[in-house]
1. With the requirement that a residue be hydroxyl-bearing (Ser, Thr, Tyr) and under 13 Å from the mean Cα position of the chain (by Cα), what does region 16-53 give you?
2. Just to verify a result, which residue in region 107-137, among those that are β-branched (Val, Ile, Thr) and assigned to a loop (DSSP other than H, G, I, E, B), is surrounded by the fewest Cβ atoms within 10 Å (Cβ to Cβ)?
3. Among the numbered criteria (1) modelled with pLDDT of 90 or more; (2) over 30 Å from Tyr6 (Cα atoms); (3) over 16 Å from the mean Cα position of the chain (by Cα), which single criterion is violated by Ile117?
4. Out of the residues in region 25-53 that are among the aromatic types (Phe, Trp, Tyr) and more than 21 Å from Glu10 (Cα to Cα), state the one that is modelled with the highest pLDDT.
5. Scan region 30-44 and report the pairs whose first residue is surrounded by 13 or more Cβ atoms within 10 Å (Cβ to Cβ) and whose second residue is aromatic (Phe, Trp, Tyr), with Cβ atoms within less than 9 Å and a gap of 6+ or a chain change.
6. I'm trying to understand the selection: among the residues of region 103-124, which are under 16 Å from Leu77 (Cβ atoms) and touching a Ser or Thr at 6+ places or on another chain (Cβ under 6 Å)?
7. Here is a check on your reading of the model: is Thr62 modelled with pLDDT of 95 or more and either exposed (fewer than 15 other Cβ atoms within 10 Å of the Cβ) or outside any strand (DSSP E or B) (or both)?
8. Mind checking whether some residue in region 70-81 is surrounded by fewer than 18 Cβ atoms within 10 Å (Cβ to Cβ), outside any strand (DSSP E or B), of a type in the set (A, V, I, L, M) and in contact (Cβ under 8 Å) with a residue 60 or more places away in the chain?
Amino acid sequence: MGWYGYEKYEDRRSTYGNEKEAKKRAVFLKPLIIEKQVQDSIEFNAFIEKGFRYGAHGVHQTKKFNEKDDYPYQVSLTLMDTLRSATFRITNSNEFDSIYRHSILLEKPVLNDTVCIDIAQYQREMKKYVVVNKIKVW
């Protein structure tokens with residue numbers, strides 16, 4: 001099918017909390033404050049970035065949204081910590097205007113509300129994910 005058949009350049013993208021990638025793509029705007037209920041070794045990052053799509057000819061190109069687009073900014077959140085079998089779930093997603101996949105979309109580069117997130121870790125003996133911690137981001 002190839003690159004053009006999948007039309008990956010049409011969907012909104014996120015760096016999923018990868019600050020290095022966000023800076024490389026020149027979409028990183030500012031870090032957010034992260035408060036964990038209990039300090040642990042699970043990796044989590046959150047920041048505000050400019051909304052973007054991949055370029056028409058590959059994933060390494062970046063086509064940034066402009067001010068005229070709906071929700072030109074987004075909160076980039078870590079999707080998962082694979083080394084520790086942990087996932088992150090936004091628990092208060094109904095408080096935000098718009099969420100696309102795992103990103104909170106913003107009209108301005110300001111997060112007005114606190115984002116509440118559960119950290120779930122896979123428990124092999126129970127064969128399911130269990131909430132082990134909570135995070136607040138603002």
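The values are calculated or read from the model by the stated rules, or taken from the named source; none is laboratory data. None of these values were measured; they are calculated from a predicted model. With ideal geometry, Cβ positions are generated from the backbone for all residues, glycine too; neighbour counts draw on all protein chains shown.
1. Residue satisfying the conditions is Tyr16 alone.
2. In this case the residue turns out to be Val110.
3. In the conditions (1) modelled with pLDDT of 90 or more; (2) over 30 Å from Tyr6 (Cα atoms); (3) over 16 Å from the mean Cα position of the chain (by Cα), Ile117 misses (3) alone.
4. Ranking the qualifying residues of region 25-53, first place goes to Phe47.
5. Leu32/Phe47; Leu32/Trp138; Ile34/Phe44; Ile34/Trp138; Lys36/Phe44; Ile42/Phe88; Phe44/Phe88
6. Matches in region 103-124: Ser103, Leu105, Cys116, Asp118, Ala120.
7. Here the answer is no, as Thr62 does not meet what is asked.
8. yes
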